[in-house]
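The values are calculated or read from the model by the stated rules, or taken from the named source; none is laboratory data. Keep in mind that what you see is a predicted model, and the values were worked out from it rather than measured. Neighbour counts run over all protein chains shown; Cβ positions are idealised from the backbone, glycine included.
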Amino acid sequence: MELPKPEGHTCFACGTANSIGMNLRFYLEGNEIRTDITLRKDYEGWENMAHGGIISTLLDEVMSWTILYFRRVFFVTRRMEVKYVRPVLVGVPLRACGRLVHEEDKRFIHVQAEVQNGEGHVLAKAKGEFVELQPERLAAVPEAMKKQMSDLFERFETLSPP
């Protein structure tokens, strides 16, 4: 099931108003959030291989959307560890999947993600630690953005509660 997303934002990974961005779309699949993409040549590092920063962006974004859907909170990335397993080629279909990890430490939200090729081989994986932002920490977030995100959380409720 495809998840709705706000329109008009310039986020490099998921924004709809960024002409050089990835414009990722996200899907609920069981207890995971996934996105499918074929990276363009302009996301290249070494010839025919995706730049490591692009791969990290893809992993961070799928972990973020995992939190958005399953936790429905405002948050920031605190720490992320990436392991590059195999070359990630441009021009080939890829899938990134994210899932919540249940940890003892309730101060942080822990998520894992991986990028796979069409054969299901893991090409890169990440562990992320995220911090939920309390209302008093949202002062720098524009009111219109807070409203859009709250509306998005409500739209998630109509799909299927976590």
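Quick notes on this one:
- All positions within the stretch 1-49 that are closer than 15 Å to LEU68 by Cα, of a type in the set (Ser, Thr, Tyr) and buried (at least 19 other Cβ atoms within 10 Å of the Cβ): THR35
- Of all the numbered requirements in (1) surrounded by fewer than 22 Cβ atoms within 10 Å (Cβ to Cβ); (2) in a helix (DSSP H, G or I); (3) not charged (D, E, K, R), ILE55 misses one, and that requirement is (1).
- Each residue in the stretch 83-104 was checked for being in contact (Cβ under 8 Å) with a residue 24 or more places away in the chain, farther than 19 Å from TYR27 by Cα and surrounded by fewer than 19 Cβ atoms within 10 Å (Cβ to Cβ), and 8 of them qualify.
- Boolean, GLU61 is at negative phi and at pLDDT 95 or above: yes
- Filtering the stretch 99-115 to residues that are assigned to a strand (DSSP E or B), out of contact with any Cys (no Cβ under 7 Å at 6 or more places or on another chain) and more than 13 Å from PHE70 (Cα to Cα) leaves GLN112, VAL115.
- Filter result for GLU129 (under 19 Å from the mean Cα position of the chain (by Cα), without any contact (Cβ under 8 Å) to a residue 60 or more places away in the chain and not in a helix (DSSP H, G or I)): yes
- Residues of the stretch 23-50 satisfying the condition of being under 12 Å from GLU61 (Cβ atoms) and modelled with pLDDT of 95 or more: LEU24, ARG25, PHE26, ILE33, ARG34, THR35, ILE37
- Considering the conditions (1) under 15 Å from the mean Cα position of the chain (by Cα); (2) hydroxyl-bearing (Ser, Thr, Tyr); (3) surrounded by fewer than 20 Cβ atoms within 10 Å (Cβ to Cβ); (4) at pLDDT 95 or above, TYR69 is excluded by exactly one of them, (3).
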